[in-house]
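Chemist: Please find one structure pasted underneath; my questions will follow.
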Amino acid sequence: MAPPDYGRSLTGFSVNLLSPDLPRALVFQRDVLQAEILHQDEDLLILRGYGSNWMVHADHTYDQHALLADTLAETRRGAGIELRLHGCDPDATAARAQQHGFKLLDGPRDQPDHGLREAHIIDADGYVWVPDVPFIEA
């Protein structure tokens, strides 16, 4: 499935993890967690297990993303994880977050490679929440 189509198919809640060593992450996911590998390449693992799907991205896939620098700094709890809420309006959620004094790390913006419009918001504990909705390119 093409990445934008996969992005648009997501619902509910999912997690994106970043890894500096995707082959090693694969061993953990497959051999330790016994996750089913839905997709595997040098950039991305898409996994399924225990009623959920999740992804592990290679660090280099985030080289233009604010989350990578934040993750590599390792200065806060939750660095290197995205908690995604599919179907949650990123524009309205980002506005509410800013009204309550939470930090907007990135967006809201369209991510054509993902088929999603998303925002990255840091909560009071340092975790990055990503509300997203599908969008269709004009």
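Chemist: Would you be able to tell me the number of residues in the stretch 94-125 that are under 30 Å from residue 1 (Cβ atoms) and touching a residue at least 24 places away in the same chain (Cβ under 8 Å)?
Modeler: Qualifying residue count, the stretch 94-125: 15.
Chemist: Would you mind stating whether residue 69 is at pLDDT below 80, closer than 17 Å to residue 127 by Cβ, part of a loop (DSSP other than H, G, I, E, B) and not polar (S, T, N, Q)?
Modeler: no
Chemist: Sticking with this one: Pick out the one residue from 64, 34 that is in contact with a Gly (Cβ under 9 Å, 6 or more places away or on another chain), among the polar types (S, T, N, Q) and part of a loop (DSSP other than H, G, I, E, B).
Modeler: 34
Chemist: Let me confirm something: among 126, 107, which residue is part of a strand (DSSP E or B) and either modelled with pLDDT of 95 or more or on the phi > 0 side of the Ramachandran plot (or both)?
Modeler: 107
Chemist: Inside the stretch 43-61, can you point out the residues that are outside any strand (DSSP E or B) and either hydroxyl-bearing (Ser, Thr, Tyr) or under 17 Å from the mean Cα position of the chain (by Cα) (or both)?
Modeler: Correct list: 43, 50, 59, 60, 61.
Chemist: Is it true that residue 90 is touching an Asp or Glu at 6+ places or on another chain (Cβ under 7 Å) and closer than 26 Å to residue 136 by Cα?
Modeler: Yes.
Chemist: Continuing with this model, one more query. Looking only at the stretch 129-138, count every residue that is under 15 Å from the mean Cα position of the chain (by Cα) and at pLDDT below 90 and tell me the total.
Modeler: Final tally of qualifying residues: 1.
Chemist: Also: Would you point out the residue of the stretch 108-138, among those that are surrounded by fewer than 23 Cβ atoms within 10 Å (Cβ to Cβ) and of a type in the set (Asp, Glu), that is farthest from residue 83 (Cα to Cα)?
Modeler: Residue satisfying both the conditions and the ranking: 137.
Chemist: I want to confirm something. Restricting to the stretch 7-55 and keeping residues that are among the hydroxyl-bearing types (Ser, Thr, Tyr) and surrounded by 13 or more Cβ atoms within 10 Å (Cβ to Cβ), which single residue is nearest to residue 110 (Cα to Cα)?
Modeler: 14
Chemist: Could you run through the stretch 22-66 and say how many residues are among the β-branched types (Val, Ile, Thr) and at pLDDT below 90?
Modeler: So the answer is 3.
Chemist: Sticking with this one: Among the residues of the stretch 92-109, write down those that are touching a strand residue (DSSP E or B) at 6+ places or on another chain (Cβ under 6 Å), charged (D, E, K, R) and more than 13 Å from residue 65 (Cα to Cα).
Modeler: 103
The values are calculated or read from the model by the stated rules, or taken from the named source; none is laboratory data. Keep in mind that this is a model prediction, so the values were computed, not measured. Cβ sites come from the backbone with ideal geometry, for glycine too, and all protein chains shown count toward neighbours.
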